[in-house]
1. What lysines could a cross-link reach from Lys7, if we take a straight Cα to Cα line under 19 Å and drop same-chain neighbours fewer than 8 places away?
2. Determine the shape class of the range 184-265: with a ≥ b ≥ c the square roots of the Cα gyration tensor eigenvalues, call it rounded for a/c under 1.5, and otherwise prolate if a/b is greater than b/c, oblate otherwise.
3. With no solvent and one point on each alpha carbon, what is the Debye value of log10 I(q)/I(0) for the range 252-315 at q = 0.14, 0.15, 0.19, 0.28 Å⁻¹?
4. Could you pull out every one of the aspartates and glutamates with an alpha carbon less than 17 Å from that of Lys272, ignoring same-chain neighbours closer than 8 positions?
5. ³J(HN,Hα) across the range 277-294 via Karplus (A = 6.51, B = -1.76, C = 1.60, θ = phi - 60°), whole Hz, x for Gly/Pro?
6. Can you sort Cys401, Cys246, Cys329, Cys183 so the residue with the fewest Cβ neighbours within 10 Å comes first?
7. How big, in percent, is the set of alpha carbon pairs in the chain lying more than 41 Å apart?
8. Rounded to the nearest 5, what is the percent of antiparallel bridges among the DSSP beta bridges in the chain?
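None of the figures in this text is laboratory data; all of them are computed from the coordinates on show. This structure is a prediction, so every number in the text was calculated from the model and none was measured. Backbone-built Cβ (ideal geometry, glycine too); neighbour counts: all protein chains shown.
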Amino acid sequence: AYQLPRKIHIYFSDTGGGHRASALALEAALEKQYGSQVSVELIDFFRAAMPWPLSQAPETYQTLGNFPSVYKRAWDYDQDSEKWQDTTSYQWMWSYSKEHIVKYLQPLDLDLVISVHPLIHHLVIEALEEISRGSDVPREDIRLPVVTVVTDLGSAHLSWFDPRVDLLFVPSQEIYQLAIKHCVPKGKINLSGLPLREGFWSADPIRPEEKKRLQEQLGLRPTERPEVVLLMGGGEGFGRLNDVACAIGDTLIGLGYGQLVVVCGRNEEARKFLSERKWMSRQLGEWLFEPLILGFVKNIDEYMTAADCLVTKAGPGSIAEGMIKGLPCLLTAFVPGQEEGNIGYVTENDAGAYVSDEEPEQIAETIADWLADPERLQTMSENARRLAKPDAALQIARRICDGLLDLGVELKEVKASDFQSSNREKLL
Ligand code: UDP
């Protein structure tokens, strides 16, 4: 017999916006379906359990974003190995942080660990083994299941895969194959999709009235014709947001239709520059067409519902979210290695295109072509929707709780439309 609520830790780190977003999605899916049977805590594992300088991983990631070639070298470094735990990178990380991690996990006052970050689960598994070695309690009796949820889409670093995890959730066929290549037993792998936040749980197509209502609410001109372009660069606002925004903004003015929303995320410099820029503008009745410049927003789902296409760096979260909202996606940049596979995922499925942000004019031209061809947009939109997996978070939560914690779902029928986004505040 066990005590309720079952205690679940979700380990992530703020290296990019995607891991936290996935962690929040799983927290919501667990709490919505299992209510008081579970108690879920989100923890930035690097900050909480690792020694300096590893505890600074979020800051390092932000800095590395400015040095893509260094990041690429780090990403490629161990890729030829079969298992991450055999690499020198891992062994260094483990021996350096072992003491801290064991101390952090030692109380073992927990029922389940979910990791949504590639560098965490090995350390947790290893620490549990270390604890059981030191305490005469065999690992089987510690019974702390460890689950990994992969938050990359078309390609994934070797470190995502540890054959010792209890369950592994992958978002695409491509990553499923990689998991097998890196020795994860088939029986542990679940092809589920990327867990996204509540605003993305509904599989229903967007109703035109709903879209117009949101456009108006968000400060856009409500319109029937597809013309709203959403530009973003992940949580950190990576890439040449300024150049791309200026090129698209100026082109749309020339077209005589088209509206632009720029979400700069945590890139305060871009937000400031774009807000202060003197834009060419156009008056249409009471409407002044000027790009809408925003910082980090918590209601991306609403902006995506209001939009007709997405221009973004190849972040897995943004792509998967866009697909649920049926947004054709123009990819303009990628984190080397890590996000390269996402480009093929979008283009090979004809759900969008790739134009490098080294060529902002070319990006603007592509967008102008798309907006001039609603049928083309429609085809890409349908292709995007076919790849969408809106029930991933709910399914993953069920599979974990039913399979590993013996819990029964409290809501018999889970309808995404029953949920209001309740955890938006936690995004920042
Ligand atoms: N995001 C957000 N508000 C913003 C900018 C980004 O909520 O202002 C979210 C976005 O919806 C997505 C995540 O941050 O869920 C970014 O993840 P992605 O995988 O695209 O890129 P990353 O930031 O992890 O590199």
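1. By straight Cα distance, Lys7 reaches Lys32, Lys103.
2. Taking the square roots of the gyration eigenvalues as a ≥ b ≥ c, the range 184-265 is oblate.
3. -0.47, -0.54, -0.86, -1.32
4. By straight Cα distance, Lys272 reaches Glu236, Asp243, Glu290.
5. Going residue by residue, I get 5, 7, 7, 5, 9, 9, 9, 10, x, 7, 8, 9, 7, 9, x, 8, 9, 10 Hz, with x marking Gly and Pro.
6. So the ranking, lowest neighbour count to highest, is Cys183, Cys246, Cys401, Cys329.
7. 17
8. Of all bridge pairs located within the chain, approximately 5 percent are antiparallel.
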